[in-house]
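K.L.:
To start, I am sharing the structure in question, which I have written as C-alpha cells.
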Amino acid sequence: MRHTRAHTANRRSHHALKEARLSKCEKCSAMHLRHRMCAQCGSYRGKEVVDVTAKFEKKMEKRKEKKNMLGMGEQKEEKDTPKKLDAEALSDK
Ligand SMILES: [Zn+2]
C-alpha cells in the first residue's frame, strides 16, 4: 500500500545520527569514546589495558613485511619481462 509523504517523513524523523558520546581520558586527558579504551595511551578508567607502542611497532613491522613482499614481486616481474623479451628476440633471429 502506498504511504503518504507525511507518513514517510514521520518515519524518517528518527533517522538522524546522534553525536558520539565522548569522555576525557583520566591519564592523558584526550577525548575517547565512552566504554572504550583511550586510543592515545591504551588505558581504560585510568588503568593501562593495551601497550600502544608495542602494537604500533608490530603494525609497522607488518607493513614493512608487506612492502618487502610487494617489492620482491615487482622485482621478479621486472626480471621475468627482459628474459622473455630476450627469448622472443632470439627466436625471431
Ligand atoms: Zn589516554
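K.L.:
Using packing as a proxy for protection, rank 52-58, 25-31 so that the peptide with the highest average count of other Cβ atoms within 10 Å comes first.
P.N.:
Going from most to least packed, we get 25-31, 52-58.
K.L.:
Between segment 1-52 and segment 54-72, what's the alpha-carbon centroid distance in Å?
P.N.:
Cα centroid to Cα centroid, the span is 31 Å.
K.L.:
If I model a spin label at A9 and M31 as a point 7 Å from the Cα along the Cα→Cβ vector, what separation in nanometres do I get?
P.N.:
3.3
All of the numbers you see were taken from the coordinates with simple rules; none came from a lab. Since this is a predicted model, take the numbers as computed values, not measurements. Glycine gets a Cβ as well: all are built from the backbone with ideal geometry, and neighbour counts include every protein chain shown.
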